[in-house]
């Protein structure tokens, strides 16, 4: 049962073709060789080596959707789903590659100038350029319109000042998409936000602390500091003052991928736990033979399957470019909340061993809570849904 849920058989994923399955098999074999044996060490080191990024890029696994003229393969969104799922199967700590590939680089591809695309996209594809998006600040998270980082025009340049925090790929990043206020007096305030590209090594740009998180240890997360950072006006992405709208157009995809990550984690936790309860004995028999264990497994398997069917339907709609903001918001909060419940139940069924770092369930337990916070907190998702319901 759990194997069928985890593998998502071809008949259940109508948007997958043979090419998709070949890509999945290829990246899975690559990760089993190049990531799985080293993942625990990366968690201890609290960073994924740049060499691994380069290997991923050389194999064509990063940004496979980018047009061929910019070094990509020109593939559809289902390949991005495969990348996200297979990275998550290894562990949440290497998800920064998926964030780069499927969440950040699309800003450049969609809103960048031809010059920006020619300059940056090939490096984003082959692993030479790692990207980050800098939105969150110490005083502004889900309330993006309240950011304080400014970009003030000075001739043909803009001068950026401010601080960002909780930035995924913050240490490795070579290119950062920075959200700034270009018009602090704009009303409503979100109309004064613009996006800029800042390169590694730009004078005035520095990195603060590499943040010490509860989970997702190998995903580098850092503070970014901008002190009189001068960038040319050519580094503006999209239209000045339209940065908030540019960000919003990509949030549907980001939240959908967040839900995908949580669902794959839940599937993995269920598989790990099902295997464990069959092997672990108590009172002279496997604990899988106790009715309480069976009921818990059944309940989790049912909710995970419901989540899989719902998400796969949304993936198809997203690929058809349908507006599914409400449904994606529903999926994001429900699936991530469900995954947190699965983590707690699975750790309980592991008993004391589940609390040991040598067991993967322990990593999953500490990695999963952030999914209900980032890409817009689940409370924000409910606000969006309530508005769309006319409440």
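Just one of the listed residues (37, 64, 106) is out of contact with any strand residue (DSSP E or B) (no Cβ under 7 Å at 6 or more places or on another chain) and either in the same structural domain as residue 235 (by TED's automatic domain parsing) or not in a helix (DSSP H, G or I) (or both), and it is 64.
For residue 202, the conditions (1) part of a loop (DSSP other than H, G, I, E, B); (2) on the phi > 0 side of the Ramachandran plot; (3) modelled with pLDDT of 95 or more all hold with the exception of (2).
Does at least one position in region 15-34 carry a residue that is closer than 18 Å to residue 91 by Cα, at pLDDT 95 or above and in a loop (DSSP other than H, G, I, E, B)? The answer is no; no qualifying residue exists. Out of 310, 283, one residue alone is without any contact (Cβ under 8 Å) to a residue 60 or more places away in the chain and under 23 Å from residue 95 (Cα atoms). It is 310. Considering region 141-157, and only residues there that are modelled with pLDDT of 95 or more and within 18 Å of residue 244 (Cα to Cα), the residue that is surrounded by the fewest Cβ atoms within 10 Å (Cβ to Cβ) turns out to be 152.
Going by the conditions given, is residue 170 in contact with a strand residue (DSSP E or B) (Cβ under 6 Å, 6 or more places away or on another chain) and surrounded by fewer than 23 Cβ atoms within 10 Å (Cβ to Cβ)? Taking the combined requirement at face value, the residue does not satisfy it. Under the condition of being touching a helix residue (DSSP H, G or I) at 6+ places or on another chain (Cβ under 7 Å) and surrounded by 15 or more Cβ atoms within 10 Å (Cβ to Cβ), the residues counted in region 32-53 number 8. If you go through region 183-193 one residue at a time, do you hit one that is buried (at least 20 other Cβ atoms within 10 Å of the Cβ), free of Cβ contacts under 8 Å to residues at least 60 places away in the same chain and touching a strand residue (DSSP E or B) at 6+ places or on another chain (Cβ under 9 Å)? Among the residues of region 183-193, at least one is buried (at least 20 other Cβ atoms within 10 Å of the Cβ), free of Cβ contacts under 8 Å to residues at least 60 places away in the same chain and touching a strand residue (DSSP E or B) at 6+ places or on another chain (Cβ under 9 Å), which makes the answer yes. Output the residue which, of all residues in region 125-140 that are touching a strand residue (DSSP E or B) at 6+ places or on another chain (Cβ under 6 Å) and in contact (Cβ under 8 Å) with a residue 40 or more places away in the chain, is surrounded by the fewest Cβ atoms within 10 Å (Cβ to Cβ). Once the filter is applied, the top-ranked residue is 135. Quick check on region 321-336. Is at least one of its residues crowded, with 22+ Cβ neighbours inside 10 Å, within 14 Å of residue 267 (Cα to Cα) and in contact with a helix residue (DSSP H, G or I) (Cβ under 7 Å, 6 or more places away or on another chain)? Yes, some residue in region 321-336 is crowded, with 22+ Cβ neighbours inside 10 Å, within 14 Å of residue 267 (Cα to Cα) and in contact with a helix residue (DSSP H, G or I) (Cβ under 7 Å, 6 or more places away or on another chain). Scanning region 357-379 for residues that are out of contact with any helix residue (DSSP H, G or I) (no Cβ under 8 Å at 6 or more places or on another chain) and in a loop (DSSP other than H, G, I, E, B) gives 358, 373, 377. Filtered by the rule that a residue be farther than 29 Å from residue 250 by Cβ and either in contact with a strand residue (DSSP E or B) (Cβ under 8 Å, 6 or more places away or on another chain) or not in a helix (DSSP H, G or I) (or both), region 318-356 gives a lone residue, 356.
The values are calculated or read from the model by the stated rules, or taken from the named source; none is laboratory data. Predicted, not measured: the structure shown is a model, and the values here were computed from it. For neighbour counting, all protein chains shown are included, and Cβ atoms are generated from backbone atoms with ideal geometry for every residue, glycine included.
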